[in-house]
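Report on the following structure.
The values are calculated or read from the model by the stated rules, or taken from the named source; none is laboratory data. Computed from a predicted model, the values in this text were never measured in an experiment. Every residue, glycine as well, gets a Cβ built from its backbone with ideal geometry; the counts of neighbours run over all protein chains shown.
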């Protein structure tokens, strides 16, 4: 099929590349001329494991192209994906201006029956607004469909190529038939394609992310209670995770969730609730818990040093909000950097992929520096702080850590190491929801 993808951010680029990988002719559109020229030359604008090989292969095969010309991309496409940003407004509502602006432009450009798909995360009722905006100038038949993405950063290629489920919001039989054909190669193992109304599909995306955010926040609350009662959160996690009604995933305690989805989607669902005069009390608590959880590790550090951080140096391992991505949006590490440097400390940070993004954000912060390796970050530091669970941090050379730190002192926001091993190695070790090793 001939497909246009409008927007080459994280979702748009993964969507376009993976659709091309299955033999479709895909044109990706973006208003950023520099970005488009870089991609034409084979330069990836994001880091996502496994994506770069597909990206280069499909460019070489002529199935994946890039342009700034919307008309050129739409001209022969039967399907148009809208993968545009929906950042939160001041009140938490999703900003639909990018989507609606493109929708207005699309109307006069359509020359044949076309399916316009909202791939962006959008509030309930957005499909109707897009349909109205396109319809003002459209001269041909078209359908507007909701098809939310469920891509995990770090696993996006796998999630797109082998989705657990595909959710499609449309009551058009014509659109259902075409999209069944489009997604058939991706669900050959029998994973379901769910057709539902546009509003139900839009709600499904928000409900999924809000539920996962609530699950993470619940487990962080349990971790904090474990510390007070002497229980061990790792044991509790195993005990409840084996219950099939609960499941093992999203039960790892830490220092709060971040990223592009959970924070803004929880706020957007709260705003939708408010618009319908419904008080979603649970989501209010989820937001509050997550905000407080991002301060937990700093509070441990500050307490250890008797609220006197001036002149202290900290090694910080991990900047991305999760491993296997360079995404730093709402990353807990950013809260740590702000709190530590405001307290008078300096930070030497290391991340395999996200250092450049943080450097751009903190270009005027003289108390923050970036190390080339995780070992370099340790030199003459008063303590090691772990904020992201990258695989390369899991098996550490503890003798080397000891040799470089002023004291054998670790504050671990991701519970990477076994307590018994830290005790054996002679570290002072504080983690989340577990015994303090002294």
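Worth pointing out:
- Here the condition is being within 24 Å of residue 86 (Cβ to Cβ), modelled with pLDDT under 95 and buried (at least 16 other Cβ atoms within 10 Å of the Cβ); of 201, 260, 217, it holds for 260 alone.
- Test for residue 122: is it within 16 Å of residue 179 (Cα to Cα), assigned by TED's automatic domain parsing to the domain that holds residue 12 and touching a helix residue (DSSP H, G or I) at 6+ places or on another chain (Cβ under 8 Å): no
- Here the condition is being assigned to a loop (DSSP other than H, G, I, E, B) and farther than 29 Å from residue 359 by Cα; of 244, 260, 307, it holds for 244 alone.
- The range 10-126 holds strands (runs of 3 or more DSSP E) entirely within its bounds, and those carrying 1 or more residues that are in contact (Cβ under 8 Å) with a residue 12 or more places away in the chain and within 23 Å of the chain's Cα centre (by Cα) map to 25-29, 79-82, 114-118.
Let's see how each residue does on (1) in contact with a helix residue (DSSP H, G or I) (Cβ under 7 Å, 6 or more places away or on another chain); (2) assigned to a loop (DSSP other than H, G, I, E, B); (3) over 24 Å from residue 221 (Cα atoms):
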site: 347; (1), (2), (3): yes, no, yes
site: 358; (1), (2), (3): no, no, yes
site: 366; (1), (2), (3): no, yes, yes
site: 396; (1), (2), (3): no, yes, yes
site: 400; (1), (2), (3): yes, no, yes
site: 411; (1), (2), (3): yes, no, no
site: 424; (1), (2), (3): no, no, yes
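- Take the conditions (1) in the same structural domain as residue 114 (by TED's automatic domain parsing); (2) surrounded by fewer than 16 Cβ atoms within 10 Å (Cβ to Cβ); residue 186 misses just one of them, which is (2).
- Which listed residue, of 354, 315, 320, 333, is surrounded by 23 or more Cβ atoms within 10 Å (Cβ to Cβ), touching a residue at least 24 places away in the same chain (Cβ under 8 Å), closer than 30 Å to residue 157 by Cα and touching a strand residue (DSSP E or B) at 6+ places or on another chain (Cβ under 9 Å): 333
- Residue match in the range 134-142 (condition: free of Cβ contacts under 8 Å to residues at least 40 places away in the same chain, surrounded by 14 or more Cβ atoms within 10 Å (Cβ to Cβ), assigned by TED's automatic domain parsing to the domain that holds residue 170 and not in a loop (DSSP other than H, G, I, E, B)): yes
- If only residues of the range 226-241 that are in contact (Cβ under 8 Å) with a residue 12 or more places away in the chain and assigned to a helix (DSSP H, G or I) are counted, the one that is surrounded by the most Cβ atoms within 10 Å (Cβ to Cβ) is 233.
- Considered as a group, the residues in the range 16-44 that are farther than 21 Å from residue 80 by Cβ and touching a helix residue (DSSP H, G or I) at 6+ places or on another chain (Cβ under 7 Å) include one that is surrounded by the fewest Cβ atoms within 10 Å (Cβ to Cβ), and that residue is 42.
- Unmet requirement for residue 252, which otherwise passes all of (1) in contact (Cβ under 8 Å) with a residue 12 or more places away in the chain; (2) within 26 Å of the chain's Cα centre (by Cα); (3) not in a loop (DSSP other than H, G, I, E, B): (3)
- Unmet criterion (only one of (1) under 25 Å from the mean Cα position of the chain (by Cα); (2) crowded, with 21+ Cβ neighbours inside 10 Å; (3) more than 20 Å from residue 433 (Cβ to Cβ)) for residue 309: (1)
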